[in-house]
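What follows is calculated from the coordinates using simple rules that are stated; it is not laboratory data. Bear in mind that the values here come from a model prediction, so they are computed numbers and not experimental data. Note that we place each Cβ from the backbone using ideal geometry, even for glycine, and neighbour counts take in every protein chain shown.
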Amino acid sequence: MRDLADFSRLATILAVGAPVVPLLWERALTHRSVEGTESYERFEFLGDRVLALVIAEWLLERFPDAVEGELARRLAALAREDSLAEVAAAWKLADFLIVGESLRADGGMKTSVLADAVESLLAVIWREQGYDTVRALIRRSWGELIERVGDKDPKTALQEAVQAVGSSLPRYMVVAESGPEHNKRFVISVKAGDVVAEGQGHTKKEAEMDAAQQALSQMKHIKV
């Protein structure tokens, strides 16, 4: 396990206050592969929401003319597993994680583990040091990312995401079609790796875009 010096060193990297409750930091960095201890999964659940709130607020400020769909696409991109893993690398988080032998034997630290730990740590910092501190940390850590992610359309982003992990290309299928010719409504399903999602739209293209966006939103929640 880690000692207070490790947590203080991590806090220095993050430029936040010293840990108030070291046991919370230890739990925030403990993977479920460690037997007999509580893992970071509940903190991860909370941190996901903290991150979404801070980024949503930031996007409204940063892109005042963006419509809801564009804002949602940017939020999904910034909260994706690969974006979180990029932040984890900048934080040197792999040096601080507590993992079991089974995970080490399985090839080392996986991207999804690093991404989950980022969210977990955000939750603990929010609980200990408040919204302003975690908000400042997120803006520092995602500052470069917010300028370059989210510009791709959802179908392109989804295709690149599955290719990055070696999965087959997304497959789209019309599930339902309704309404008169002048006001059609399509429901389209997409399968991308282990993710299956549905989208809706007045055209097939619009429904495919929506399905791809829903799939991207799901991808980071798939566990190792």
For this session: Please express the shape of the chain as an equivalent ellipsoid: the semi-axes are the square roots of 5 times the eigenvalues of the C-alpha gyration tensor, given largest first in whole angstrom.
Result: 35, 21, 13
Problem set entry | Relative contact order, percent, the chain [alpha-carbon distance under 8 Å, six or more residues apart] | 20
For this session: Hydropathy first: keep DSSP H helices in the chain averaging at least -1.0 on Kyte-Doolittle, then drop any whose Cα extent along the axis falls short of 18 Å, and list what survives.
Result: 41-62, 111-129, 204-219
Exercise. Any idea what the relative contact order of region 154-219 is, in percent, if you count C-alpha pairs under 8 Å spaced at least 6 apart?
Worked result: 30
Problem set entry | Cα gyration tensor shape of region 14-99, rounded if a/c is under 1.5, else prolate or oblate by comparing a/b with b/c | prolate
Problem set entry | Relative contact order, percent, region 1-120 [alpha-carbon distance under 8 Å, six or more residues apart] | 36
Problem set entry | Likely footprinting exposure, Tyr131, Tyr40, Tyr172, fewest C-beta neighbours within 10 Å first | Tyr131, Tyr172, Tyr40
Seminar exercise, completed: By Cβ neighbour count within 10 Å, fewest first, Arg74, Arg148 rank Arg148, Arg74
For this session: Mind counting lysine pairs for me in the chain? Cα separation below 26 Å, and the two need to be 8 or more apart along the chain or on different chains.
Result: 27
